[in-house]
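The values are calculated or read from the model by the stated rules, or taken from the named source; none is laboratory data. Everything numeric in this text was worked out from a predicted model, so none of it was measured. Counting neighbours? That spans all protein chains shown, and the Cβs are built from the backbone with ideal geometry, glycine included.
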Amino acid sequence: MAAKVRLKQLPGSYAVSRLAAGETIPGWADGPGFVSITRTDDELSIVCLQDRVPHAIKQDIDWVAFKLLGPFAFD
């Protein structure tokens, strides 16, 4: 039987931003709300509340974020 997953929608509108792979993590990325920072060989991706992202940054806006409600077993 598949496990039930409970979700909670987080408040606010989120942006997915893309920066060059070699850029440092900008100060605006950190703060309240959900934040995800992922670096690959190709890019630096940041998901955070959209009102923190400067307009000059390449971004896709008006996303919602969901939190998976745990706890989850790691065995």
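On the stretch given as region 1-50, residues that are in a strand (DSSP E or B) and modelled with pLDDT of 95 or more total 21. The residues of region 51-65 that are part of a strand (DSSP E or B) and surrounded by fewer than 10 Cβ atoms within 10 Å (Cβ to Cβ) amount to a single one, Asp62.
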